[in-house]
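K.L.:
Next up is a structure, given as structure tokens.
Quick note: the coordinates plus some simple rules give every number you see, no bench work behind them. Everything numeric here is computed off the predicted structure, so don't read it as measured data. Heads up, the Cβs are rebuilt from the backbone with ideal geometry, glycines too, and the neighbour counts pull from every protein chain shown.
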Amino acid sequence: MNFESISILKSNQTAMSMWNALSELIMTRIDDIIYTELLLISFFFSLFMRRIRWGIIREIFGALIGVSLIYYFTGWKLFYSLTIVVVNIILNSVIKNNYLPLISFLVTFIYLGFLRAIHLIGLPALVSHSNAVQLILTLRLVGLSFEISDSRKKNELKYDPKKTRFIKEPSWWQSFLYAYNFPGLFTGPYYTYAMYRDVIDNDNIMDISVWEHIGWRLYNFAWSLPAFLILVYAFPIEVRFL
């Protein structure tokens, strides 16, 4: 075997080794890849939604996209979230006293604790993306109960209208659409129902420029992603001993 053949063989072995390392890295970071897919899908849906000037259409389609994404990524675990959303809608309709936020808080967090142990009774475990959805929904549902409670007793409070405002109590379907609105549903951040309504009720949403903010985030993403992959490959969390 001549020197040229040996060089080609070594090059092929190096390329194969790098490919195997990359494949192993991808498999160990599959959750991160799925989250990247989620962010990209949400980004392109957001571009589409911004072109719709009618708030009611954005409101409906925002929730439909959210429900579809949950089903696509978690399957029938969608019903885990659907259960607590329906329960909170009933609580908001039935409980008219000042205990609504407390009851919503207790019920929602007890249910979240139950889901964390649901695998013990043979049902699919609440892990990864389904867990993220449940956490965000917990914040939205409990937060909404506080906003509703405050709006009901606004006449009893002394406040400055220039600094404080209250929401108009949502109907059951508005609560449902807010809970499943797709922006932030998997990754956050949490935003209040009042902020959500500011976006929905603004029919001139296209007049608000967002490209400066997007460009800044893409710039950081362009250098942070390669750096992250290099560091994870060079300094893996799981160290294997021979």
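K.L.:
Report ³J(HN,Hα) in whole Hz for each residue of the stretch 149-165, in order, from the Karplus equation J = 6.51 cos²θ - 1.76 cosθ + 1.60 where θ = phi - 60°; Gly and Pro get x.
P.N.:
Each residue's phi maps through the Karplus curve to give 4, 5, 5, 6, 10, 5, 6, 8, 9, 9, 8, 8, x, 6, 10, 10, 9 Hz.
K.L.:
Could I ask something else about it? From the Cα gyration tensor of the stretch 29-88, with a ≥ b ≥ c the square roots of its eigenvalues, which class applies: rounded if a/c is under 1.5, or else prolate if a/b is larger than b/c, or else oblate?
P.N.:
Cα axes put the stretch 29-88 in the oblate bin.
K.L.:
Using 0.36 nm per residue of separation minus the Cα-Cα distance, give me the extension gain between I121 and K158 in nm, one decimal.
P.N.:
Using 0.36 nm per residue and subtracting the Cα-Cα distance, I get 8.3 nm.
K.L.:
In square nanometres, what is one fourth of the surface area of the convex hull spanned by the alpha carbons of the stretch 8-204?
P.N.:
Values: hull surface 63.5 nm².
Averaged projected area of the stretch 8-204's Cα convex hull equals 15.9 nm².
K.L.:
For the pair T192/I33, report the inter-label distance in nm, with labels modelled 7 Å from Cα in the Cβ direction.
P.N.:
It is 4.1 nm.
K.L.:
Figure the gain on full extension for D150 and R53 (residue separation times 0.36 nm, minus the Cα-Cα span) and round it to one decimal in nm.
P.N.:
Between D150 and R53, full extension yields an extra 31.9 nm.
K.L.:
Could I ask something else about it? Enumerate the calculated ³J(HN,Hα) couplings along the stretch 134-139 in order (Karplus 6.51 cos²θ - 1.76 cosθ + 1.60, θ = phi - 60°), each rounded to whole Hz, writing x wherever the residue is Gly or Pro.
P.N.:
Computed from phi, the couplings for the stretch 134-139 are 5, 5, 5, 5, 4, 5 Hz.
K.L.:
Name the lysines eligible as straight-distance cross-link partners of K168: C-alpha to C-alpha under 16 Å, and not fewer than 8 places from it in the same chain.
P.N.:
In chain and number order, the partners are K96, K153, K154.
K.L.:
Find which of A117, N181, M195 sits farthest along the positive direction of the dipole of the stretch 8-204, computed with +1 on the beta-carbon of Lys and Arg, -1 on that of Asp and Glu, about the Cα centre.
P.N.:
Farthest along the dipole direction, towards plus: M195.
K.L.:
Here's a follow-up. Which ³J(HN,Hα) values, rounded to whole Hz and listed in residue order, are derived for the stretch 55-66 from phi using the Karplus coefficients 6.51, -1.76 and 1.60 in 6.51 cos²θ - 1.76 cosθ + 1.60 with θ = phi - 60°, glycine and proline given as x?
P.N.:
Couplings: x, 4, 5, 4, 5, 5, 5, x, 6, 4, 5, x Hz.
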